[in-house]
Structures are given as structure tokens and as C-alpha cells.
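First up is the structure itself, then whatever we jot down about it.
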Amino acid sequence: MTLDHGLDPQVREGLEGLLLAMADDEFVIGYWDSEWTGIAPLLEEDVAMSSIAQDEIGHARAFYSLLGELNGRDPDAIAYDRPPDAFRHCRLVDHPRTDWAFTIARRYLYETADAVRLAALADSTFVPLAGLVAKIRREETYHLAHAEGWLRRLAEARPEGRTRLVAALRVLAPDAATVFTPLAGEPDLVAAGILERPSAALADEWRLGLQPLFDELRLPIPGPAADPSTGRTAHGDGFRWLWGEFTAVRNLDPVATW
Amino acid sequence: MPTRRKPHLEPYEVFRQEKDGDPMRHGGSVMAPDPELALHYARELYGRRQESTRLWIVRRADIGVLDDPDWLQPPLDRSFKKPGGYVMREKLDQARARSGQAKRVAGAGRSKGPEGG
């Protein structure tokens, strides 16, 4: 059964693209970060990072469910039954987990970008999305505080922590802004009031927001996306491996009832 | 001659243990001008009748407080973080509906409430 919500077909298509992009971002970063379970730097941090990763997968579940209400598909099927090329997560979250500094650099870049994106959906005219975003934003305040605390800790840990952090930021720089890869139906979404402003404006706001802390810690601020045209379509071998991991159990028996 | 100043009192939280092996539990608080007197006052208020085997006396200002509901009570369904795991009832019902099976009576007794274990 699908809910109509009285949406114009074009707007609806754009909305489905937006929900899929957000769900896939949360899903993929959640799976990468869940790889720290058992091997994080401290036992307490192991619990914290695992819990945060689980939160992100929970957010993905909520977005997939909302998408499922629009297109009539089962949220589990959307999450687990697509080939890797059909995923629409951004390049920023496509990179492998790598080391702890890399995970923290990515988490900080992603959380700050996600906060800007969620704020632009808070007053969405698509009411179910605005309601979900209000709940998710409350949880993301903790995620952002956690990432910021670690970013500062590593930036001030000389020499090794800082060296690794700066190296990670340089690797991620060409892909950091891909969270704001323009969506196919974006003009329709903005016209319908579903998305407050176009992605390009959100990217500028995000970069401006990074400035105070990055300047204070003298860290390099990422520039524009190196290749915006493939920001959500070019996936690397690392992601293909991860996809194999997170679909492994389901693929043992795709028609089983769980 | 220096002028007499009113002592600056501040609150200290007192935790007490009733007997060896018991957990430390919050007992109450005392007002004191410094940590040493806080120790004496805590002893008088929470230990002089041999009702405690150990006291912890902590300056209230040194306690890290976390009471932000966004951090502690986020509004999303988090049942999957509880020991009982995911709330499966809805999914099972859907699966049964798909397969045309009625709910089995034998399994009914094992189903858990929404809070899990």
C-alpha cells in the first residue's frame, strides 16, 4: 500500500530521490562505523561508537520506511536487495573505515553537513518528513558533540594524532561536499517547499560553519566537491566489500522470514 | 586589622555505604566552607551513629551533570538497544499475513511485550 499525500508525480519522484540519498548516507556510514565494535581505542569508546553507528542505521531504517510508504516497497528490501551500483550514498561515506583519525574526520564532516541538511528540512511541507527530522535532529546533537570532542582531542595530540587527522582531512577533502550533491528533482523540491534551499546554498552554509573551529585548530577546510556529477553514483571497491558484508546474511536465504 | 568576612559555604554531596560490599548510595548533602570541614560535617550527619562504613564527599561544583533530554531521552524507537532486542511483533504479523498463516497458539505464550527482556 502506498500513501499518496497528494503529491505531484514530479515532486514525488524528487522526494523519493531525497529520501533514498539520506537513508543510504546514514546506512553506509552506520555500517562503516559499526566496524569499530570490539576494536575501538578504549572500551568505553567502543560502546559509544557502536551505539552511534546503531543510531545511524536506525535513522536509515526510518528514512527507508518513509520511502517505502511512497513507493510501496519493503524497507528491508530497499536496504538489502539492491546491487551496490543502485546505492545513492555520497562519496564522503563511500571511503573505507581506515584508522580512528579518519573515522573521526569523516564523522565530523558528515555530522556538520547532515545538521545543515536536516535544518533545511525542519519546516518541510512534506509533514511526515518534517516530523521525522525533528526527532532525528535531537539525537544528532549528541553525535555532533561526540565528533567535535574527538576532533579537538586529535588536533591537539601532537604529533601522531594531528598528523593522522590532517592526512585524513586531505584524503576526504575532494569528497567532503558530496553530501550536497544536487538531486535530480531539486528545483521541484524547493518550489514545493519540501527542501528549504538548493544544495549549493546548503554547501556554502556548511563550509562557513566549519570555519571557526577549523581556523582555531588550524585544520584545512575542504573545498568544493572534485566531481559533483558523480557525487552519489561513483562507488569504490571499499564499498563493494562492505556491501558484501552487510548483505551476506540476508543473501544466505533471500526469501526467509526473519 | 582585616575585616571579618562571612565564610563562603558551598554544597557537598554525600554518598554512603551501609556495609562492606554494598554500593555507594546518595545520602544527602552538607554545606561547608572547605573540603576538610565538609568531611567532618558529613561524618556528623551521615556516620556518627555507625550507620555507614564509607562516605564519599564530593563538591557539587565538581560533578559533571547531564540532564539534556536530547542526549538521554531521544524520541526515536530504540527498542533494539534493549536486551530483549528488536520488537518483532509487527514484522511477524506481516510475515504471517503474507504466508496466510494464522498466529500459532503454541508460540503465543513465548511472545514478549514491547519492552523486550
When the helices in chain A are scored as -39500 (n - 2.57) per DSSP H run of 4 or longer and the sum is shared across all residues, what 222 nm value do you end up with, to the nearest 500 deg cm²/dmol? -22000 deg cm²/dmol
For A:Pro187, what is the net charge nearby, where nearby means another residue's Cβ is under 14 Å from its Cβ and Lys, Arg count +1, Asp, Glu -1? -4
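Note the full-extension length gain between A:Glu44 and A:Ala167 as 0.36 nm times their separation in residues minus their Cα-Cα distance, in nm to one decimal. Could the numbers behind the result be given before it?
Numbers: separation 123, 0.36 × 123 = 44.28 nm, distance 2.58 nm.
Value of the extension gain: 41.7 nm.
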Net charge near B:Met24, counting Lys/Arg +1 and Asp/Glu -1 over other residues with Cβ under 13 Å of its Cβ? 0
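Convex hull over the Cα atoms of the protein assembly as shown, averaged projected area in nm²? Don't jump to the answer; show the numbers that get you there.
Numbers: hull surface 114.1 nm².
For the protein assembly as shown, averaging the hull's shadow over all directions gives 28.5 nm².
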Average beta-carbon neighbours from other chains, 10 Å sphere, peptide B:74-82: 5
List the residues, sorted by chain then number, that are 5 or more residues from B:Gly27 or on another chain and whose placed amide H is less than 5 Å from its amide H. B:Val14, B:Phe15, B:Arg16
Residues whose placed amide H lies under 5 Å from that of B:Arg54, excluding near-sequence neighbours: B:Gln17
Could you run the Karplus curve 6.51 cos²θ - 1.76 cosθ + 1.60 with θ = phi - 60° over the stretch A:81-93 and give me ³J(HN,Hα) per residue in whole Hz, x for Gly and Pro? 9, 9, x, x, 5, 7, 6, 10, 6, 7, 4, 3, 8
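Just the C-alpha atoms of the stretch B:43-82: what Rg/Rh do they give, with Rh taken as the Kirkwood radius? Could the numbers behind the result be given before it?
Values: Rg = 18.3 Å, Rh = 14.2 Å.
Dividing the radius of gyration by the Kirkwood radius yields 1.29.
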Amide H neighbours of A:Trp36 under 5 Å, counting only residues 5+ apart in sequence or on other chains, H built in-plane at 1.01 Å? none
Which part of the stretch B:30-63 falls in the paramagnetic zone of B:Asp22, meaning amide N under 13 Å from the point 7 Å along Cα-to-beta-carbon? B:46-56
By how many degrees, 0 to 90 and rounded to 10, does the Cα axis of helix A:160-176 deviate from the longest principal axis of chain A? 30 degrees
Measure of compaction for the stretch A:90-189 (Cα Rg per 2.2 N^0.38 Å): 1.22
Label points 7 Å out from Cα along the Cβ direction at A:Ala248 and A:Glu205: separation in nm? 4.1 nm
Charges at C-beta only: +1 for Lys and Arg, -1 for Asp and Glu. How large is the resulting dipole of the stretch B:15-81 about its Cα centre, in Debye rounded to 20? 260 debye
Determine the gain in length on full extension of the stretch A:Arg218-A:Ala77; use 0.36 nm per residue of separation and subtract their C-alpha separation, reporting nm with one decimal. 46.3 nm
Karplus-derived HN-Hα couplings along the stretch A:146-154 (A = 6.51, B = -1.76, C = 1.60, θ = phi - 60°), whole Hz, x at Gly and Pro: 5, 5, 5, x, 6, 4, 5, 4, 6
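Laboratory data are not the source of any read-out in this text; all were calculated from the coordinates shown. Please read these numbers as outputs of a predicted model, since none were measured by experiment. Cβ: placed from backbone, ideal geometry, glycine included. Neighbour counts: every protein chain shown.
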